[in-house]
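Input: a single structure, listed below in structure tokens.
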Amino acid sequence: MGHKVRNRFFIYPAIMGIFSAVIHLNCQAQDIVFKKPPVTRNLHLYKRQVEVDSNKKMVELRSSIPGLVYDLRYAGANNFIQVQVYPDDTHETFLRLPAVKALAKVQQQLNKKGLGLKVFDAYRPYSITLKFWELVKDERYVANPAKGSGHNRGVAIDVTIIHLQSGEELDMGTGFDNFSDSAHHSFKKFPNEVLQNRLLLKNTMEKNGFKALDTEWWHYLLSSWSRFELLDIDFSILGQSL
């Protein structure tokens, strides 16, 4: 749409070639200097954590929330690095049980308005966060691996709102993964319709226990995030464990 602000995060072809090599060679980010936090990489350990606290169970979203739409950007190349980082067979995504319950309430409330949610990303293995940090060492937009991400904990989600009938996204002024100040909640140089669309998403998510990230209108984190461990378990393995 004409009034949208252009993404100012430009990637030149030569740099893009380096980024692609980083992803495809499965770089382990060895040059990053930080103390790695505890990460659950073993399915058996994850299951033991769930036995102790059932709220730590990872749940597939679309199987639990009717009408939820997926556009999993990192399962393809339509993302900020223009490279697929999730496996080819990634057709599912997950969140912890309390986050799924909260998101279901958001979906129900939007459905009453003829609207619904589209998911760009939810659970993200910790190893992917390492790769993203290699590309964008800016904590406004990607998680520092020293802390890990809410996505790694299974309690953060990237979403937008769609019309149920047409499937068309509401105009949020920028696209997903726009690394400019126009994606910030504080940015007000948009038509009122765009500002109201962002506010609708923010208010509905926060009403149900999520917290907005100031620099990304699409990113929300469950308020009780700190109780959940960082995970680095493949999607396919998680799916098989359900």
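Just a few scattered comments:
- The residues on offer are Leu115, Leu95, and the sole one that is farther than 19 Å from Lys211 by Cβ, touching a residue at least 40 places away in the same chain (Cβ under 8 Å) and not small (Gly, Ala, Ser) is Leu115.
- Selection of first residues in the stretch 231-242 that are assigned to a strand (DSSP E or B) and of second residues that are modelled with pLDDT of 90 or more and of a type in the set (Ser, Thr, Tyr), restricted to Cβ pairs under 9 Å at least 6 apart or on distinct chains, gives the following pairs, ordered by first then second residue: Leu231/Thr40; Leu231/Tyr46; Leu231/Tyr123; Leu231/Tyr126.
- Yes/no for Leu195 being of a type outside the set (S, T, N, Q), out of contact with any His (no Cβ under 8 Å at 6 or more places or on another chain), under 17 Å from Gln109 (Cβ atoms) and not in a strand (DSSP E or B): no
- Condition broken by Asn152, with the remaining ones in (1) out of contact with any Lys or Arg (no Cβ under 7 Å at 6 or more places or on another chain); (2) of a type outside the set (A, V, I, L, M, F, W, C); (3) closer than 26 Å to Val50 by Cα satisfied: (1)
- Which numbered condition Thr40 misses (of (1) among the polar types (S, T, N, Q); (2) buried (at least 18 other Cβ atoms within 10 Å of the Cβ); (3) modelled with pLDDT under 95): (3)
- Pairing residues of the stretch 68-88 that are in contact (Cβ under 8 Å) with a residue 24 or more places away in the chain with residues that are of a type in the set (Lys, Arg) and surrounded by 18 or more Cβ atoms within 10 Å (Cβ to Cβ), at Cβ distances under 7 Å and at least 6 apart in sequence or on separate chains, gives Val69/Lys118; Asp71/Lys118; Asn79/Arg73; Val85/Lys131.
- Answer from Asn208, Asn192 - the residue that is surrounded by fewer than 21 Cβ atoms within 10 Å (Cβ to Cβ) and free of Cβ contacts under 8 Å to residues at least 40 places away in the same chain: Asn192
- Pairs, first basic (Lys, Arg) in the stretch 142-167, second outside any helix (DSSP H, G or I) and at pLDDT below 95, C-beta under 8 Å, six or more apart: Lys147/Pro37
- Which listed residue is over 17 Å from the mean Cα position of the chain (by Cα) and closer than 26 Å to Arg96 by Cβ, from Leu170, Leu200, Leu164, Leu195: Leu200
- Residue in the stretch 212-228 that is among the aromatic types (Phe, Trp, Tyr), within 23 Å of Lys137 (Cβ to Cβ) and part of a loop (DSSP other than H, G, I, E, B) present: no
- Yes/no for Ile65 being part of a loop (DSSP other than H, G, I, E, B) and at pLDDT 95 or above: yes
The values are calculated or read from the model by the stated rules, or taken from the named source; none is laboratory data. It should be emphasised that the depicted structure is a prediction, and the values quoted were computed from it without experimental measurement. So basically every Cβ, Gly included, is an ideal-geometry build from the backbone, and we count neighbours across all protein chains shown.
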